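Student: The structure under discussion is supplied below as C-alpha cells; questions concerning it will follow.
The values are calculated or read from the model by the stated rules, or taken from the named source; none is laboratory data. All of these numbers come straight from a predicted model, not from anything done at the bench. When we count neighbours, we look across all protein chains shown, and the Cβ atoms used for this are built from the backbone with ideal geometry, even at glycine.
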Amino acid sequence: MQTKIKKRFKLTDTYILLIILFALFAFFSLVNRQFIAYNNISTMLKNMVLTGVLALGLTPLMIARGLDISFGNSISFTSVVMAVLFTVGGLNLWLSLVIGVLVATLIGFINGLLIEKFDLIPIILTLGTMAILQALALVVANTFTQTYSILMLTDQLYYFSTRTFLKIPLPLFVLIVFVAIFWFVLSKTKVGRTIYLIGANPKVAYLCGVKVTKVKILLYTFMGFIAGIGGVLIVALTGVGMSYHGSKLALPTLSAVLLGGISLMGGSGSVWGTLIGILIVTVIFNGLSVLNVPSYFIQLFQGLALITIVAAYEIRNKRALAF
Amino acid sequence: MPDNEIVLEMSNISKNFPGVLALDDVSINLHKREILGLLGENGAGKSTLIKILSGAYTLEQGKVIIDGVEHRFSSPYESLSAGIRVIYQELTSFEPLTVLENIFAGEVITNRAGFVSWRKMAAEAKKILETLGSEINPYALMENLSVAGKQIVEIAKAIHGNVKILVMDEPTSALDEKDVTNLYSVIRKLRQQGVAIIYITHRMEEIVQITDRVIVLRDGKKVGDSKTSQTNKSNLVNLIVGRELSDQYPKRDIKKGEVIFEVKKLSYLNKVKNVSFNLREGEIVAFFGLLGAGTHQLFSVLFGDKRATTGEIYIEGKKINISSPNVAKKNGLGYIPIDRKEEGIALVMDIKQNITSSNIEEMGNGFVLNRKIENEHASRWFNALNIKAPSVDTLASSLSGGNQQKVVVAKWLEKNSRILLMNEPTRGIDVGAKAEIYLIAEDLCEKRVGVLMVSSELPEIMAISDRVIVMRDGEIVGQFITRQTSQEELMHLASV
C-alpha cells in the first residue's frame, strides 16, 4: 500500500517535469519559429552538453550529501592550463588535454580531502576554492600571455565541435555516453547503492561498515575529473582557454540538478531527473535568447528560477509530510 | 515540614501512544513546601507525566489543577505562566553565552529608554545566585562552568520570577558527592521559600535523604505513594521492579560453546575504565548500569564507532584492533544501536535495501547489484522474522518501532554475524515485538551466536540473559549468573 503511494508520487514528479518541458518547448516554438529550426536545435543541444556533463557529475555527489560549487572556476583554470601547455609550451594536443584533466581531478581530490577529513561545510570550502581557482586562472594566463584568453585552435578539436553524425552534433555523443555510464552506476551497481545509502543516512551507512569518508572523497575527486572533461569540452567548442570560461556555469548547473529532484539533504534523485532538469533549463535559456531577451534579464530569470525550484520542492515536501 | 495546602493535583491522568498505554489512570498531588520523589524504571511513565505537566504533551484524559484552578496546557508557555518549571536531565543551557544571558534567556530587563540594561540584569542575577548560596560570576561563560555550576544556573533560571512547582529530572546524575550535598541545601532553601518540588531519580539513597514523600510508577500505573519516613529502600526497590518477565519467557537451556569474544582491560577516556569480560557461543551476557555508567560508550567502542584508549579485544582467540565499524563487521560483529532512527535504520529506504545494507558486497558477482539476489535474501529474513509490512518494498519510515527494530536485527542476520551487540534492543517498542526480539536472540544462541546486550530494564535482563555484568561510573562492579541474582541486588549495586 505504502509503496504504491510512494511510487505514484515519484512518477508524478517525473511527469510534471516532462509536462513542463513539453509546454516550454511548445510555447517557444509557437512564439518564434526560429526556435525549432534545425540550426537552433543543434546549437541548443551542443550548448547543453557542458552543463549536462557537469550536472551528471554533481548527481552522485549530491545524492551522497556532498556539494561542489567550484567546478566552474576549475574549468576556467584547466582550460587556461591546457591552452598554455599547447599554445605557449608547444606540447602535444592529447598530452595537454590529459594534463588539464588530471589537474582538475587533483583539485576535486583536494576539495574532498579537506571537506571530509576536517568535516567542513562543502559550500563554504568550495566557495574558497572557487576564489583561489579564479585567481590562479588569471595568474597563469597573465604570466604566459599578458591576456586572460589564449587561443587553442586545432583541426581535431574543430572537427569534433562542428561535425555531426546522423545529423547529431558530435559533442552530444559525449553527453549520451556519460548519461549511460551514470545511469548504470547509480541504479545498477553496488557502488550506486552505497551512494544512496550514504545519502539516506551517513551514520547508518557508517555503522553498516561503509567507508563513508573514502567514498565521499572519491566522489569529490570524480567531480573534479568531470570538471576537467568540462574544460576539454569548452576549449573544443570555443577554441580558446579563458580565465572566465566557467564563472557563470554554477548557477544553471545547480538549477538543473535541483530541478531534477536532487535534494540538498541527500538520498534522493536520479540520472533521469537530472537529465530532464538539464533539458528544461536549456530550453528556457535558449528560448529566451532566441526571443532576444537581453542577457541581464536572462540572469535575473536564472536567479528567480533557482529560488522557485527550491521553494516548490520544499513546499511539496512539507505537504507530503503532513499526510 | 510540608504545608497542608495542595498546590498541584493531577487526577486520573491517562495517556495513549500507538501500541502503548504510557499512563493509566494516574493521580498524584503535591503540597506546598513539599519535596516529592518520583520513582520508576525507564518507561514507567515518569517523563510522560512530567511532559503533560510542562505542556509538552497535551492532556487527553484527566485533570490538572494548580492552586485550585483547572488548567489544560496546550503549550509549554502556558505551563510556565502557571508557575511550573522543569529542569531536564540533559541540561539545556546555551553553552557559548554568559551565565547572565542564560538566566534571562527569552526575556530581558530594559531601562527607561527601552534598551537592554545589562547592569540591572547582572545585579538581579547576582541576587538570585546568592539566594542559592552560589558565587558564580554572572558574566562567566556557561561552557566554562562545572556541571554542578551549570545546574545551579539552570535552577536560577527556573526560579527567578514566579515559580510554584519545580520539577528536577535526575539532577544528580552527573554530580559528585560534594556537589550533591550542595544541591540538597539549595533544594531545601527553595522549599523554605515555599516552592513545591518534584524530584525524579533512580537512586534510593537520594529519596531517603531529600524527599518528604515518594510516589512509585510502574508500567504507567501508580503502584506506591507514601511518606518517605514510613518506607525503606528495599520496599521501594520491590515496588519499582514488580513484575517478573522470566515467567512469561522461559529461558531455553542452550549449550554454551567456546569463548568467542574476550575483552581485556579496555578503557575509553574516563567513561569506560579497565573493563574485562568474555562471551561464549550461545550465551547472552547483559550489561546493566544507570545513566552515566558507561555501558553505551563501551558498546560504541566494541563496535569501532569510538576508539578504545587502551585495552585488547580478542575474537575467537585472535587479537583484533577494531578501528572502525568496517573492521568490526568483517570480524563477525553486528551492532544494534540504541538510537534506531538516527543510527540503526535508513528511514527513506525500503525494507530490502535496509536489510541488505550490511551486505551489499554479496549481492551478486562483480560490481553489478543483482536485484533478484537482493530480493531473495531480504525476503528470507522478512518472512523468518515475521516483519509486518505489505512487502519488502515498503519504506522503513512507515513501519512501527518494533518492525523497524526487526529490520535492524535482520541486517546483521543477513551478514551472518557471530557476535551481536544489542544496545537497548527493545527500547520504545511494544510488548509483542519485545517478546519476538527475545525469541530471535534465543534462536541465534542455538545457532552458536553470542549476544551482548545493554539494557536498563531489569525484568528483561532477568528473563533472557545467562550472565549479567553491572557497571557503575565506567567500571564493572559485579558479575553474576543471572539465575543466582535478583533484580533487587542488581539495582542496589548499580545505584549505591
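Student: Which residues, taken from the range A:133-163, are at pLDDT below 90, polar (S, T, N, Q) and surrounded by 13 or more Cβ atoms within 10 Å (Cβ to Cβ)?
Tutor: Residues satisfying the conditions are A:142, A:145, A:149, A:154, A:161, A:162.
Student: Of the residues B:286, B:293, only one is closer than 30 Å to residue B:402 by Cα and assigned to a strand (DSSP E or B); which?
Tutor: B:286
Student: Spot the failing condition for residue A:81; the list is (1) under 17 Å from residue A:230 (Cα atoms); (2) without any contact (Cβ under 8 Å) to a residue 60 or more places away in the chain, and only one is missed.
Tutor: Result: residue A:81 passes all but (2).
Student: Of the conditions (1) without any contact (Cβ under 8 Å) to a residue 40 or more places away in the chain; (2) among the charged types (D, E, K, R); (3) over 12 Å from residue B:284 (Cα atoms), residue B:443 satisfies every one except a single condition; which number is it?
Tutor: Just one mismatch for residue B:443, condition (3).
Student: Let me ask something additional. Out of (1) more than 7 Å from chain A (Cβ to nearest Cβ); (2) surrounded by 20 or more Cβ atoms within 10 Å (Cβ to Cβ), the odd one out for residue B:400 is which?
Tutor: Residue B:400 satisfies every listed condition except (2).
Student: Run residue B:448 past the list (1) in a loop (DSSP other than H, G, I, E, B); (2) buried (at least 20 other Cβ atoms within 10 Å of the Cβ) and report the number of the one that doesn't hold.
Tutor: Among (1) in a loop (DSSP other than H, G, I, E, B); (2) buried (at least 20 other Cβ atoms within 10 Å of the Cβ), the lone unmet condition for residue B:448 is (2).
Here is a yes/no grid of residues against (1) over 30 Å from residue B:379 (Cβ atoms); (2) touching a residue at least 24 places away in the same chain (Cβ under 8 Å); (3) surrounded by fewer than 21 Cβ atoms within 10 Å (Cβ to Cβ):
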{"position": "B:419", "(1), (2), (3)": "no, yes, no"}
{"position": "B:455", "(1), (2), (3)": "yes, yes, no"}
{"position": "B:461", "(1), (2), (3)": "yes, yes, no"}
{"position": "B:470", "(1), (2), (3)": "yes, yes, no"}
{"position": "B:480", "(1), (2), (3)": "yes, no, yes"}
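Student: Of all residues being of a type in the set (Phe, Trp, Tyr) and within 30 Å of residue B:338 (Cα to Cα) in the range A:174-206, which is farthest from the chain's Cα centre (by Cα)? Just the residue, please. Steps first, please.
Tutor: Narrowing the range A:174-206 to residues of a type in the set (Phe, Trp, Tyr): A:178, A:182-184, A:196, A:206.
Restricting the remaining residues to those that are within 30 Å of residue B:338 (Cα to Cα) gives A:196, A:206.
Working: A:196: 19, A:206: 28 Å.
For the range A:174-206, the residue satisfying everything is A:206.
Student: Still on this structure, please answer the following. Just one of B:259, B:285 is closer than 24 Å to residue B:468 by Cα and at pLDDT 95 or above; which is it? Lay out the reasoning, then the answer.
Tutor: Details: B:259 fails: at pLDDT 95 or above.
It is B:285.
Student: Kindly provide the set of residues from the range B:343-397 that are surrounded by 21 or more Cβ atoms within 10 Å (Cβ to Cβ), over 27 Å from residue B:332 (Cβ atoms) and more than 10 Å from chain A (Cβ to nearest Cβ), ordered by number.
Tutor: None - no residue of the range B:343-397 is surrounded by 21 or more Cβ atoms within 10 Å (Cβ to Cβ), over 27 Å from residue B:332 (Cβ atoms) and more than 10 Å from chain A (Cβ to nearest Cβ), so the list stays empty.
Student: Inside the range A:178-215, can you point out the residues that are assigned to a helix (DSSP H, G or I), in contact with a Pro (Cβ under 7 Å, 6 or more places away or on another chain) and at the interface with another protein chain (Cβ under 9 Å from one of its Cβ atoms)?
Tutor: Scanning the range A:178-215 gives A:206, A:207.
Student: Taking the criterion of being out of contact with any His (no Cβ under 7 Å at 6 or more places or on another chain) and either more than 9 Å from chain A (Cβ to nearest Cβ) or aromatic (Phe, Trp, Tyr) (or both), would at least one residue in the range B:322-330 satisfy it? I'd like the intermediate steps shown before the answer.
Tutor: The initial filter retains those residues of the range B:322-330 that are out of contact with any His (no Cβ under 7 Å at 6 or more places or on another chain), namely B:322-330.
Keeping just the survivors that are either more than 9 Å from chain A (Cβ to nearest Cβ) or aromatic (Phe, Trp, Tyr) (or both) gives B:322-323.
Checked the range B:322-330: at least one residue is out of contact with any His (no Cβ under 7 Å at 6 or more places or on another chain) and either more than 9 Å from chain A (Cβ to nearest Cβ) or aromatic (Phe, Trp, Tyr) (or both).
Student: Does residue B:4 meet the test of being over 21 Å from the mean Cα position of the chain (by Cα) and at pLDDT below 85?
Tutor: Working: over 21 Å from the mean Cα position of the chain (by Cα): yes; at pLDDT below 85: yes.
Yes.
Student: Which residue, of B:100, B:91, is in the same structural domain as residue B:170 (by TED's automatic domain parsing) and under 18 Å from residue B:161 (Cα atoms)?
Tutor: B:100
Student: Residue check: is residue B:341 out of contact with any Lys or Arg (no Cβ under 6 Å at 6 or more places or on another chain), at pLDDT below 90 and part of a helix (DSSP H, G or I)?
Tutor: Yes, satisfied.
Student: Then there's this: Quick check on my filter: what residues within the range B:458-484 are among the β-branched types (Val, Ile, Thr) and closer than 25 Å to residue B:440 by Cα?
Tutor: Just the residues of the range B:458-484 that are among the β-branched types (Val, Ile, Thr), to begin with: B:461, B:464, B:468-470, B:476-477, B:481-482.
Matches in the range B:458-484: B:461, B:464, B:468, B:469, B:470, B:481, B:482.
Student: Take residue B:319 and decide whether it is surrounded by fewer than 16 Cβ atoms within 10 Å (Cβ to Cβ), without any contact (Cβ under 8 Å) to a residue 40 or more places away in the chain, closer than 25 Å to residue A:208 by Cβ and not assigned by TED's automatic domain parsing to the domain that holds residue B:176.
Tutor: Yes.
Student: Here is a further query. Which residue, of B:103, B:87, B:65, is under 30 Å from residue B:460 (Cα atoms) and β-branched (Val, Ile, Thr)?
Tutor: Just a single option satisfies the conditions, and that option is B:87.
Student: Looking for whichever is crowded, with 22+ Cβ neighbours inside 10 Å, touching a residue at least 40 places away in the same chain (Cβ under 8 Å) and either of a type in the set (Ser, Thr, Tyr) or within 23 Å of residue A:41 (Cβ to Cβ) (or both) here; the options are A:282, A:253. Which one fits?
Tutor: A:253
Student: Can you find a residue that is surrounded by 16 or more Cβ atoms within 10 Å (Cβ to Cβ) and assigned to a loop (DSSP other than H, G, I, E, B) anywhere in the range B:8-28?
Tutor: Within the range B:8-28 (the criterion being surrounded by 16 or more Cβ atoms within 10 Å (Cβ to Cβ) and assigned to a loop (DSSP other than H, G, I, E, B)), the answer is no, since none of the residues qualifies.
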